[in-house]
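Here is the structure we will look at, set down as structure tokens.
The values are calculated or read from the model by the stated rules, or taken from the named source; none is laboratory data. What you are looking at is a predicted structure, and each value in this text was computed from that prediction instead of being measured. No Cβ is skipped: glycine too gets one built from the backbone with ideal geometry, and neighbour counts run over all protein chains shown. Remember, those area values only see protein heavy atoms, side chains included, never the ligands or the DNA or RNA. Shrake-Rupley method; radii C 1.70, N 1.55, O 1.52, S 1.80 Å.
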Amino acid sequence: RPRAIVTRAADAFLPRPEALAQAAPGATSLLINSPNNPTGVVYDRATLAHVAQTCQDHDLWLISDEVYDTQVWEGEHLSPRALPGLADRTLVIGSMSKSHAMTGSRCGWIAGPPEAIERLIDLATNTTYGVPGFVQDAAVFALTAGDELEAEIAAPFRRRRQLAHAILAQQSCVGLIPSQGAMYLMLDIRATGLDGEGFATALLETHHIAVMPGESFGSAAAGHIRVAMTIEDDAFAAALSRLCTFAADLAAQNTQVAQ
């Protein structure tokens, strides 16, 4: 039975050691995602050390989703499989979807201990049958293109992150959770008096701008929204500016009502 580990905005949505330890008894595996969707947070070495300790203390498999590992804007990406004692209990998930802009092609991999991979091959054979030939050809091309292609794919998101930071720095209503990696921003809109779902709905209806409510990812993200940096720079900057103005107007109305 899945058991969610609640992370909080006050902790930059990093899991607390005590939360990991509390959820671990009776579990067989732990799933993490860094760089993270939806927050853009990159798990630091200290956080991964707590993850490693929890897995070793409770004999857990670690499933590490690292599909955004080529989109790190601050700090460094560390695969937990490289930590002492974790190679034999960690499965690393990779994908061409983000690193090479092959979002719809669904070509990826799992790296881990040979005995685990043998069983996963049996599972994949009986569930997915195989990856279409043209997708395999595209993946081979992308993987042999080297780091330059990965950097080219990541560059627009790095650029839009800088645009976002510049826009958000000009106002004080919308807060930004540290955006260290991936193609997302997690924004705090609680000053508006609305929850994430209410704000997202109002923004869509008023300005035709679509964002994801934080509540879509769990109650801990209530009062937040996720913004995807996946449209062209000018449109992205214009939409984010309108979002901030809209939030400021709502916050002013909220303050007047409170008074």
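With every atom except the alpha carbons ignored, what do you get for Rg and Dmax of the chain, in angstroms?
20.1, 65
Using +1 at the C-beta of Lys and Arg and -1 at the C-beta of Asp and Glu, which of T28, V257, A116 has the Cα lying farthest in the positive direction of the dipole of the chain?
V257
Angle check, please: helix 233-258 long axis (alpha carbons) against the longest principal axis of the chain (alpha carbons), in degrees 0 to 90, nearest 10.
It works out to around 60 degrees.
If one takes the longest principal axis of the Cα atoms in the chain, at what angle in degrees, from 0 to 90 and to the nearest 10, does the Cα axis of helix 147-168 lie?
Roughly 20 degrees, rounded to the nearest 10.
Using a 1.4 Å probe over the heavy atoms of the protein chains, calculate the carbon and sulfur portion of the accessible area of region 146-258 as a whole percent. Mind showing how you got there, number by number?
Working: 2890 of 5570 Å².
After summing per-atom areas, the C and S share lands at 52 percent.
For region 143-199 and region 83-98, compute the distance between their C-alpha centroids and round to whole Å.
When both Cα centres are located, 25 Å separates them.
Kindly report the accessible area of region 35-92 per residue (heavy atoms of protein chains, probe 1.4 Å, no ligands, DNA or RNA), in Å².
Result: 42 Å² per residue.
Would you mind counting up the charge near Y68? Only other residues with Cβ under 12 Å from its Cβ, with Lys and Arg at +1 and Asp and Glu at -1. Display every interim value, and only then the final one.
Values: positive: K98; negative: D65, E66, D69, E150.
That works out to -3.
What accessible area per residue comes out for region 208-259, rounded to a whole number of Å², with a 1.4 Å probe? Kindly include the intermediate steps, with their values, before the conclusion.
Details: 2740 Å² over 52 residues.
Dividing the accessible area of region 208-259 by its residue count gives 53 Å².
For region 224-238 and region 1-72, what is the separation of their Cα centres, given in Å?
27 Å
Expressed as a whole percentage, what fraction of the accessible surface of region 10-144 belongs to carbon and sulfur atoms when a 1.4 Å probe is rolled over the protein heavy atoms?
Working: 4010 of 7170 Å².
Result for region 10-144: 56 percent of the exposed heavy-atom area is carbon or sulfur.
What angle, in degrees between 0 and 90 and rounded to the nearest 10, separates the Cα long axis of helix 45-57 from the longest principal axis of the Cα atoms of the chain?
That works out to roughly 50 degrees.
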